[in-house]
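Written out below as structure tokens is the structure these notes cover.
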Amino acid sequence: MPFRGKVRILQNYHFSLKAVEKMEAKKKSGFTSSIGFVLAAAGSAVGVGNIWRFPYLAARDGGGLFLLVYLALVLTFGFTLLTTDIAIGRKTGKNAWQAFESIRSRWGFLGKITFLVPAMIMTYYSVIGGWILKYTTVYITGQQHMAAQDGFFTSFITSQVAPIVFMLVFLAMTAFVVYSGVEKGIEKFSSVVMPGLLLMIIGIAIYALTLTHTDADGVTRTGLQGLAVYLTPNLTDLTFSRFLQILLDAMSQLFFSLSVSMGIMITYGTYVKKDVDLSKSISQVEFFDTGVALLAGMMIIPTIYVFSGTEGMASGPSLMFVSLPKVFESMGFAGTLVGIVFFVMILFAALTSCVSIMETLVSTCMNIFHCSRRKTSFMIFAISFSAAVVICLGYNVLYFEYTLPNGAVAQLLDIMDYISNSFLMPLIAFLTAVFVGWVIKPEWIADEMEIGSVGFHKKRLYSFMVRHVVPVVMALLFFQSTGLLGWIGMAFQ
Ligand code: PHE
């Protein structure tokens, strides 16, 4: 063979080796360590749900009673749903869109519905992220007095340009992390941000317990008294239907908080190596997520209690953007510092959550359209931005009031939230539990859980939950949040 021919063969060999290496590298894209995975998954789980929604639900739903119910649910439902998602992801190596189909082709539809949830949440999560970014800048630039004024929040979200600009910046930060990839973007970012977030929340929670304040009537309230309000189970006026309500509130909070039944944890599961002990990592994620929620309550409830007593504590969504800035204002200089740390912390929490939503969309579209991460990130960024602009306009140009089946008056953002969280998530959890429990059988998941570990200790609990408990309770939750439970109840009266 002439020399040139040999060189060409060698070159071709070299190129194909490179192509194989490249493909291998692509395939191997994933979390480098189990702690990297835990922090990324905790980054997704810990978000505005923990810091904003959990405390007001706890205040509204009987303090310690809600906490007990929630803890019991985390250890049973939370564990079951998180295990299901992550094991499906790691075992199939596919996103929800293709995973269900690859297991049983008739169940492909479930993957498509599951994909809808992050697609819908993406439209409004960045809008809320933009609001948080706005407050962070207000506090950092020393304009905290403005944030404490009546009407500040409403006038901000109803203005036409500012919410879009802040949303755009928040979305660009999210897209940058996703664009940088799983190891260099998501894992690295979460590994820095999550420990920082934990330190900040512990710091403010301890500070909250040291507060005391005497109001105009001469009544002094302390942070420790506030802690007692938070932790003591309030059993007055407890009826069966009230207890059921608390249970369902805790359940829907748990879903949203753990980012389960929406394909996100399936996607993160695909990035976990086979030698990682999934049971251990799942417990760590649950512990992190619940720990942050409990600390958030320990920080917010005593703080509000000290400065404004028990009223205003369960003020719902306005808690973070309206009540807290007023409380920070009454704390004087310390309030400014606490305000800065608080909003930076919640910004971190919202960013890592939004990253997980966008990553799920990007990774799924990369697989469907066989496109590079770069191109897909740009596309998803552009589409998400356009959708989020429409949501922002829902507070001015496109403003309307719509009464949801559960009785709440809603704008565009609330409608997207309602469809994704109250309608689709329980439905998906129900279908997934039926699929795992009765079609492919719990062993399918248990086999995966045993890889990389000494055994799946909670196998019996898992099987029982996924077959018998989750489907029933999810159906109940679905009926309750769609308002159908009320109708059924009326029919029996
Ligand atoms: N789990 C996040 C929280 O508690 C919210 C979230 C929902 C994140 C959906 C990702 C997807 O705030």
Exercise for the section: Report, by chain and number, residues whose modeled amide H sits under 5 Å from the one on His213, excluding near sequence neighbours (fewer than 5 apart, same chain). Expected result: Arg221
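What list do you get for Phe166, Phe478 if you sort them by fewest beta carbons within 10 Å?
Ranked by crowding around the Cβ, least crowded first: Phe478, Phe166.
Between rounded, prolate and oblate, where does the range 390-493 land on the alpha carbon gyration tensor, with a ≥ b ≥ c its root eigenvalues, rounded for a/c under 1.5, else prolate if a/b exceeds b/c? Please report the intermediate quantities before stating the final value.
Working: a/c = 4.36, a/b = 1.87, b/c = 2.33.
Taking the square roots of the gyration eigenvalues as a ≥ b ≥ c, the range 390-493 is oblate.
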Problem - Ascending count of other beta-carbon atoms within 10 Å, so fewest first, for Cys354, Cys371 - result: Cys371, Cys354
Exercise for the section: Please work out how much length the chain gains when fully extended from Ile113 to Ala334, using 0.36 nm per residue of separation minus the C-alpha to C-alpha distance, in nm with one decimal. Expected result: 74.8 nm
Fill in the blank from the handout: Between the modelled labels at Thr154 and Lys273 (7 Å from Cα along Cα→Cβ) the distance in nm is 5.5
Handout entry: Table column - 3J(HN,Hα) (Hz), the range 98-111, Karplus curve with 6.51, -1.76, 1.60, x for Gly and Pro
Key = 9, 4, 4, 4, 5, 7, 9, 4, 5, 9, x, 4, 5, x
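Check the range 68-216 and count each lysine pair with an alpha-carbon distance under 27 angstrom, considering only pairs eight or more places apart or from different chains.
7
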Practice task
Can you put Asp289, Asp414 in order of Cβ neighbours within 10 angstrom, beginning with the fewest?
Solution key: Asp414, Asp289
Fill in the blank from the handout: Per the rule of 0.36 nm per residue minus the C-alpha distance, extending Asn396 to Glu311 adds in nm 27.6 nm
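Once you have the Cα-Cα distance between Ser33 and Asp414, take 0.36 nm times their residue separation minus that, and quote the gain in nm to one decimal. Numbers along the way, then the final one.
Values: separation 381, 0.36 × 381 = 137.16 nm, distance 3.75 nm.
Answer, rounded to one decimal: 133.4 nm.
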Exercise for the section: Quickly work out the Leu238-to-Ala162 label distance, labels modelled 7 Å from Cα along the C-beta direction, and quote it in nm with one decimal. Expected result: 4.4
Fill in the blank from the handout: With R₀ set to 41 angstrom, the calculated FRET efficiency between the beta-carbons of Trp438 and Phe378, to the nearest 0.05, is 0.50
Practice task
Pop a pseudo-label 7 angstrom from the Cα along the beta-carbon direction at both Val219 and Phe369 and give the gap in nm to one decimal.
Solution key: 5.8
Completion exercise
The set of residues whose placed amide H lies less than 5 Å from the amide H of Ala410, leaving out same-chain residues fewer than 5 positions away, is Tyr402, Thr403, Leu404
Fill in the blank from the handout: Taking alpha-carbon centroids only, the range 274-295 lies from the range 220-246 a number of Å equal to 27
Problem - the range 32-76 and the range 351-417: distance between their alpha carbon centers, rounded to Å - result: 23
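What does the helix-only formula give at 222 nm for the chain: each DSSP H stretch with n ≥ 4 adding -39500 (n - 2.57), the total divided by the residues, and the result rounded to the nearest 500 deg cm²/dmol? Don't skip to the end; give the middle numbers.
Values: 24 runs with 342 residues, N = 493.
The per-residue figure over the chain is -22500 deg cm²/dmol.
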Fill in the blank from the handout: Whole-Hz Karplus couplings 3J(HN,Hα) for the range 244-250, θ = phi - 60° and coefficients 6.51, -1.76, 1.60, Gly and Pro as x, run 4, 4, 4, 4, 6, 4, 5
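Throughout, read-outs are computed from the coordinates displayed, never taken from laboratory work. On a predicted model such as this, the values are computed, not experimentally measured, just so you know. As a convention, Cβ positions derive from the backbone with ideal geometry for all residues, glycine included, and neighbour counts pool all protein chains shown.
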